[in-house]
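The values are calculated or read from the model by the stated rules, or taken from the named source; none is laboratory data. Since the model is a prediction, treat every value here as computed from it, not as a measurement. Glycine also receives a Cβ, built like all others from the backbone with ideal geometry; neighbour counts cover every protein chain displayed. For accessibility, only protein heavy atoms count, side chains too; no ligands or nucleic acids. Shrake-Rupley method; radii C 1.70, N 1.55, O 1.52, S 1.80 Å.
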Amino acid sequence: MRFARNFEHLIALLGGSEAVQARLGVGPSALSNYKARASLPATKFDLLAEAARQAGWQLDPDTLALAPLAGMRPVVLLIVTGGIAAYKGLDLARRLMDQGCQLRAVMTRGAQQFITPLSLSALIGEKVYTDLFDLTDEAEMGHINLARSADLVLVAPASAHFMAKLAHGLADDLASTLCLASEAPLLLAPAMNPVMWASQATRDNHDLLIRRGVQMVQPADGDMACGETGTGRLAEVPDIVRAALAALAGGGRIIQPAKTASLAGRHILVTSGPTHEPIDQVRYIANRSSGRQGHAIAAACVARGAQVTLISGPVSLPAPHGVRLVQVETADEMMAAAEAALPADIAVCAAAVADWRVENAASGKLKKQAGGPPEMRLVENPDILASLSNHPRRPQLVVGFAAETDTLIDHARVKLAKKGCDWILANQVAQEQGLVFGAEHNQVVLISNAPPEIWPEQDKQAIAERLADQMADSLARPDAAQ
Ligand code: PMT
């Protein structure tokens, strides 16, 4: 039934079932009823139509088909790479056009072994681009323009080779150059032999791309065209369309249906990175925080459908796709940004905020003097975690971190009580282990009113995923673990 399929797309566009239920004020059974009956009460339709309109789409009252609002047809740049699943790129292009997307397409040399540019071009009614050095194309549309014109770059199927090229920033053909030159969200639908998918090289490339904010529609299990069985089949076309619509609407990073909506409708405030406290116009007090842990938490929350305000000190990491980024420099600025971001359902303070600032910071550059180094008086900075924990508009769940060099659990317990937060993730700062500040891995102990939970050493993304899941559980069962 057309209505049911359109409804699925609408749900994806609006952030998943739980987000839609929250908007409509109904439970899961009502939502299934609407689908089963192929109709929606008028008041509920109005709510959904308004939400879709805000995302740039118009909703047909009879079929629930989505059409872009006038002047808002999103441009999807579809890149088809080599593999037996390349033929599904044709169906995918058609389905995306059904949803009102404007298609531009590029095929790699490998893809052309499986389907011809002519067949794709006939479908989308536009030239299909294949060659970086085609001067005619440069005259019509240079590759930079092609990259910049896209609202979403979708690579489907994405071969192991192409993922490796993206992971290492290679730009040796039109498709890889476009991916590098585009600032649009990048969504990959990998497809390959199961052994290739499971190989350590592909795993590493996959994880690296995820960490950079690339979105993925994970491949499916089943029989492969090559005769083997396992994980590696291209995801179903409707799933890729759903993911593309969600990505166009600023949705999640990894498309895993069970997880996508667990924080939908929630506003989460995350602090991340160091603060810089000026000594004079050119010098400052800082620390070694890279922002990796805080940014990973923000990304994991976005992937679960949350609206995330990421308040970040100076870091060199890009902000994860879909967050609202507030860049600050000092603890005072971070405090003000955190207050301004309230109300929030959850606050996670992962930033390494300087405890002190220089009271008499100089306005120019301090000069070396014969009398010795200048005197500096330090004064205490505001404590953001403690302020949020004791705020009149306190978030329902407040989570802090504790970076300790010794007696980790005892110190973290003292911090939990002193600051008044609900959970503390305590991490041991031990330089010789190469963990924590600036590192890719971390090892934490979750301290709350319950017995301490010791989490294994893992990369910061995995810690962020586990934390986001536990936060979602905790909000769903407010009496649990706080
Ligand atoms: O950024 P990465 O390189 O990935 O490293 C991650 C991290 C080590 C920075 C992170 O895991 C971490 O431990 N962050 C907190 C570091 C810290 O400053 O800990 P603390 O024990 O000094 O502070 C305790 C808590 O109070 C923290 O939640 C901190 O954000 C908060 N705080 C501290 C001082 C202050 N003035 N305001 C605060 O909000």
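The figures follow:
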read-out: Elements of type helices (runs of 4 or more DSSP H) in region 105-207, at least 2 residues being at pLDDT 90 or above and open to solvent by 50 Å² or more (accessible area, probe 1.4 Å); value: 117-124, 194-198
read-out: Listing of strands (runs of 3 or more DSSP E) fully contained in region 259-335 that carry 2 or more residues being within 14 Å of the ligand (Cβ to nearest atom); value: 267-272, 307-312
read-out: Residue match in region 25-34 (condition: in a helix (DSSP H, G or I), in contact with a Leu (Cβ under 7 Å, 6 or more places away or on another chain) and over 16 Å from residue 305 (Cα atoms)); value: yes
read-out: Selection from region 437-451 of residues that are more than 10 Å from residue 425 (Cα to Cα) and in contact with a strand residue (DSSP E or B) (Cβ under 8 Å, 6 or more places away or on another chain); value: 437, 440, 441, 442
read-out: Strands (runs of 3 or more DSSP E) within region 337-416 that include 1 or more residues open to solvent by less than 60 Å² (accessible area, probe 1.4 Å) and not hydrophobic (A, V, I, L, M, F, W, C); value: 397-404
